[in-house]
Amino acid sequence: METRKRYSAGLFAAEIIAILVALLFLSPFYFLIVNSFKKLKEILLDAAKLPEHFGFDNFRRAWEAIDFPVVFMHSVVLTSLSVTGLVIVSSMTAYRIVRHPSLFNRLLFTVFVAAMIIPFQSVMLPLMKISAMFELRGHLYGIVICYLGFGVSLSMFLFHGFIKSVPREIEEAAVVDGCSPYGVFWKIVFPILRPIVATVVILNVLWIWNDYLLPVLVVNNTYTTIPLAIQLFFGQYLRKWDMAMAALTLSTIPIVLFFLFLQKHIVEGIAAGSIKG
């Protein structure tokens, strides 16, 4: 009985700590949503206070100011193309490296892993020179190529760990039945990779959707995404926090829904890729 009491007290304390940590992580959403309904004066006076009146005027003005449907579609197209390319390139690369463990492929895998520790700020100037040299700046395909270059390392690393858990016997049976190498990958292996595909998609969608620095360097005003459009609310002498919060709330809703829809695959995919190898 005494052991049970001590256990119950410890469990209760752990639950309280977990609740406090959850509230801490949810606090940014509180400030974002609450301030999206406030007038600018209310935000400057007390950002934590609930609004005096709940209205959608901030959302209407922000929607019109940045032409939200247009920048939303720009973000959707950019994110979709980039993530699709990352999934295709990184999965095929990882499959080749795992199934053909030559010295060159092992060296290539080491280079990919090493590239993950290089900070983006250290390659900004070379990126500008290379993008200008190959006429990538100001074009949608240019920033998609940049996202492929910067995102393929982590994606390939995750696929690499998962593919090692796929039994070779399944592929050998498909080859005996007359399946081509590409057919083996797309018809047999790739469907098995569904959990890690979902993980790669979620991680890269969250990154690309919210990214500001790379788009402002490569496309800037020629292909305005939501993060680039929101910067219009922050001038040298005036910061329109009310409209910015409303625009951020609008941009957060679809990505949160997408994350909640696929979140169960994150732990499943990463755990499978790291343990089963």
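The values are calculated or read from the model by the stated rules, or taken from the named source; none is laboratory data. In this text the structure is predicted, and so the values were computed from the model without any measurement. Using ideal geometry, Cβ is built from the backbone for each residue, glycine included, and neighbour counts are taken over all protein chains shown. Surface accessibility is based on the protein's heavy atoms, side chains included, excluding ligands, DNA and RNA. Shrake-Rupley method; radii C 1.70, N 1.55, O 1.52, S 1.80 Å.
Things worth noting here:
- On the range 58-273, 70 percent of the accessible area sits on carbon and sulfur atoms, based on a 1.4 Å probe.
- Nitroxide proxy distance, nm - points 7 Å out along Cα→Cβ at Glu64 and Ile117: 5.4
- Global geometry of the range 1-148, whether rounded, prolate or oblate, following the gyration tensor of its Cα atoms and the 1.5 cut on a/c: oblate
- Only Lys, Arg (+1) and Asp, Glu (-1) charged, at Cβ; the chain dipole about Cα centre in debye: 400
- Dipole of the range 131-277, positive end: most advanced residue of Val175, His160, Ile253 [Cβ charges, Cα centre]: Ile253
- With a Förster radius of 25 Å applied to the C-beta separation of Phe29 and Gln236, the computed FRET efficiency comes to 0.30.
- For the options Thr252, Thr110, Thr93, a Gaussian network treatment of the chain with springs between C-alpha atoms closer than 10 Å singles out Thr110 as fluctuating the most.
- Shape of the chain, Cα gyration tensor, a/c cut at 1.5: oblate
- Taking the longest Cα principal axis of the chain as reference, the axis of helix 264-275 is set at about 40 degrees.
- Looking at the range 218-249, the chymotrypsin sites (Phe, Trp or Tyr not before Pro) that sit in a DSSP loop and have at most 11 other Cβ atoms within 10 Å of their own Cβ are Tyr237.
- Accessible surface calculations at 1.4 Å, restricted to protein heavy atoms, place the chain at 60 Å² per residue.
- Heavy-atom accessible surface of the range 1-54: percent carbon and sulfur, 1.4 Å: 73
- Global form of the range 1-54, assessed from the alpha-carbon gyration tensor, a/c cut-off 1.5: prolate
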